[in-house]
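Notes follow once the structure below has been shown.
The values are calculated or read from the model by the stated rules, or taken from the named source; none is laboratory data. Everything quoted here is computed from the prediction, not taken from an experiment. Counting neighbours? That spans all protein chains shown, and the Cβs are built from the backbone with ideal geometry, glycine included. Each accessible area value is taken on the protein alone, full model and side chains, heavy atoms only, with ligands, DNA and RNA left out. Shrake-Rupley method; radii C 1.70, N 1.55, O 1.52, S 1.80 Å.
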Amino acid sequence: MKGSRGDRLSSADRDPAGATPLLELRGLTVSVGHLPVVAGLNLKIARGEAVGIVGESGSGKSVTWLAVLGLLPGSLAVEGEALLEAENIIGASEQRLSQVRGGRVGLIFQDPISSLNPVQRVGAQVIEALRLHRGLRGYAARTEARRLFELVGIPDAERRLDRYPHELSGGQNQRVMIAMALAGEPELLVADEPTTALDVTIQAQILALIERLRREMNMSLVLISHDLSVVAEVCDRIVVMYAGQIMETGSTRSLFASPSHPYTKGLLGAAPVLAQKPQRLASIRGHVPEPWNMPPGCPFEPRCPYAMPACSAARPLLSNLAPDHQSACIRAGELPALARHGPT
Amino acid sequence: MLLFATKRVARAILTVLIVVGCAFAALRLSSDPALVVLGPDAPPSAVAAFRAAWGLDQPLWQQFFYYIAGLLRGEFGRSLLNGADVLPLVGSRVLVTLEIMIPALAIGILVGVSAGAYAALRHNTPKDRLVMMGAVAGFTVPHFVLGLVLVLIFAVHLGWLPSGGNDSWRSAILPVVTLSTGWAAVLARFTRSSVVEVLGQPYIRTASAKGLLWRAVIIRHALPNAAIPVVTTIGFMVGGLLAGAVVTESVFSWPGLGQLIVTSVAARDVAVVQCVLLLVATAMVLSNMTVDFLYTLLDPRLRGGRH
Ligand SMILES: Nc1ncnc2c1ncn2[C@@H]1O[C@H](COP(=O)(O)OP(=O)(O)OP(=O)(O)O)[C@@H](O)[C@H]1O
Ligand SMILES: [Mg+2]
């Protein structure tokens, strides 16, 4: 899998710098009442690029992508822009969004069994997507559904088409979900924790499948996960989210080589506070602040081992450390030195 | 599968037998049908002759045995009052009852399910609350109160509709409204909660995410799932339909099965009562079986043995 990194760079190279990204989020804000759960997110996804989104539970990873596709309940207000090749789809009509959903943008969710309709055969659920986005019907649709099942590695595809979700394993259901997301030949695949609900051995298989399909179909990929190591396997670039904001973003290589936000360090298990416990996420003390309890400055300040008074003064903005590396920590530059000497 | 079906039918027959057996014993033990029919002043010789003629002097188990044997020959017994075969009598009353039950059921289902789905799709809005307030009201007011209020307004006060009897189709309106109100109210609440629950399921989000319009999400994904518990409720309502006739028919003096059972119990016309109960019990058991069947039809998770 590591060997594929070269491929990815070359596919990114095909888009010359400055070309319109496939998707660009500008100031995307999602709020419950007046409280933002996603606060002014800016993000570009290039064609063929694989971007990993990581962060603890409640940091706004899912809400961001549901907001982009207009899938949030009305109780959550969405502002800002999501430009799909320069066309803003935030607030677009239902007709327009329905073409994008499952068409240009495919979605895969966390819990495959409950994400499939329990009273409909899995084949029919894939065929429905084929009918919507490719106008396929009858025999042609079934043939294509079988091809997709084979593509995602479902054995005995012809018979499995007529199964119900409860008759398949979790891993197979996730493959069905993937086949369904591929049915519209998407340019961007958003996979929201596609492996969290699965057995460890199956997780690796599904991840490898997503990675292979992405390359074969030259899709862009947004892979959401709790786990930095999972996204590092597959993604060119990583976005670290916390409390609805981007804390750090950079190429996978530079983010791992020089993590430049204490939160990222925490996720990586490199921060001094983690000494007692080897697990990554559970070992950052404290929890993600609730939207109604947001600190005035840096949202990570209450949990940060390197916090200083200036951190609670104002919300830090993302600043460039390198062309492909940004951090929202005001002490980003000092971090390597601080890490050597321990927290102040 | 065959074994399962056989067991099912055997259990159904046993249920009906138990119901009929209990009624059989209760009717004969609670008071002496001969005395009730002939009157307390009848000479003892006449009472004895009556008992002998109807077999009431035999031991209870023997009477029951003859009764069941008769049933197997298709004889449902004769009225103690006039010796007429009870089956045509009960049968004609069933039809009269169905005249109000079928429209009431149809209206109840139609109004209840649509109101419930409407409220669910407008979950937590004033419209939802309005519908649900109506449903709670319809559900809480007992049938006889609603019936009497309707009679007071539309028959006594406004004089638009007859207060009882079944002389024309217009007499059916008030009983049908009374019956369907209760059913619609129950179904509205049930449908609403079922649809609301289904709409919160992840597969609904999946259906939207694949590009279906909301309408199609509702029709193709939400309703088939939400229908499962609703259909069960309807099945049980149908099963209890004949039993529910008693109150409404009394209020509107609708000469159906409900009235027949009230008068027959009072007169200790045991053969008639038994025949009605046999019918009611059979209807309940059959509707339960239908519900089970529909359940497996609607919900593939309940179908066994595919692998
Ligand atoms: N329907 C909703 N109504 C109100 N608040 C919501 C709703 N959905 C999400 N939120 C809030 O938005 C915030 C972000 O949630 P989100 O689901 O995006 O987190 P996440 O990063 O995907 O976490 P997880 O890893 O658990 O999936 C949370 O604080 C959550 O409570
Ligand atoms: Mg999530």
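On the stretch given as segment B:152-171, residues that are surrounded by fewer than 20 Cβ atoms within 10 Å (Cβ to Cβ) and part of a helix (DSSP H, G or I) total 8. The helices (runs of 4 or more DSSP H) falling completely within segment A:33-146 that include 3 or more residues that are within 16 Å of ligand 1 (Cβ to nearest atom) and open to solvent by less than 30 Å² (accessible area, probe 1.4 Å) map to A:61-68. One residue stands out among those in segment B:268-307 that are open to solvent by 70 Å² or more (accessible area, probe 1.4 Å) and basic (Lys, Arg): the one that is farthest from the chain's Cα centre (by Cα), which is B:306. Checked against (1) open to solvent by less than 10 Å² (accessible area, probe 1.4 Å); (2) more than 12 Å from chain A (Cβ to nearest Cβ), residue B:211 passes all but condition (2). Checking every residue in segment A:130-151 against the condition of being closer than 25 Å to residue A:217 by Cβ, at the interface with chain B (Cβ under 8 Å from one of its Cβ atoms) and not acidic (Asp, Glu) gives at least one match.
Is there a residue in segment A:63-73 that is closer than 18 Å to residue A:223 by Cβ, more than 14 Å from chain B (Cβ to nearest Cβ) and in contact with a strand residue (DSSP E or B) (Cβ under 9 Å, 6 or more places away or on another chain)? There is at least one residue in segment A:63-73 that is closer than 18 Å to residue A:223 by Cβ, more than 14 Å from chain B (Cβ to nearest Cβ) and in contact with a strand residue (DSSP E or B) (Cβ under 9 Å, 6 or more places away or on another chain). Could you check segment B:71-82 and list, in sequence order, the residues that are surrounded by 10 or more Cβ atoms within 10 Å (Cβ to Cβ) and over 26 Å from the mean Cα position of the chain (by Cα)? Scanning segment B:71-82 gives B:80, B:81.
Of all residue pairs spaced 6 or more apart or on separate chains, those with beta-carbon atoms under 9 Å, a first member in segment A:61-77 that is closer than 18 Å to residue A:96 by Cβ and a second member that is within 7 Å of ligand 1 (Cβ to nearest atom) and in a helix (DSSP H, G or I) are A:72/A:63.
Residues in segment B:119-151 that are open to solvent by less than 70 Å² (accessible area, probe 1.4 Å) and assigned to a loop (DSSP other than H, G, I, E, B): B:125, B:141, B:142. Selection of helices (runs of 4 or more DSSP H) fully inside segment A:156-272 by the criterion of at least 3 residues being within 16 Å of ligand 1 (Cβ to nearest atom) returns A:228-234, A:262-268. Residues of segment B:32-56 that are exposed (fewer than 13 other Cβ atoms within 10 Å of the Cβ), farther than 21 Å from residue B:22 by Cβ and not aliphatic (A, V, I, L, M): B:39, B:40, B:41, B:43, B:44, B:45. Has segment B:174-182 got any residue that is surrounded by fewer than 20 Cβ atoms within 10 Å (Cβ to Cβ), in the same structural domain as residue B:132 (by TED's automatic domain parsing) and within 28 Å of residue B:302 (Cβ to Cβ)? Checking segment B:174-182: not a single residue is surrounded by fewer than 20 Cβ atoms within 10 Å (Cβ to Cβ), in the same structural domain as residue B:132 (by TED's automatic domain parsing) and within 28 Å of residue B:302 (Cβ to Cβ).
Among the numbered conditions (1) part of a helix (DSSP H, G or I); (2) within 24 Å of residue B:106 (Cα to Cα); (3) out of contact with any helix residue (DSSP H, G or I) (no Cβ under 6 Å at 6 or more places or on another chain), the only one that residue B:233 does not meet is (3). Across segment B:218-230, a minimum of one residue is classified as free of Cβ contacts under 8 Å to residues at least 12 places away in the same chain and within 14 Å of chain A (Cβ to nearest Cβ).
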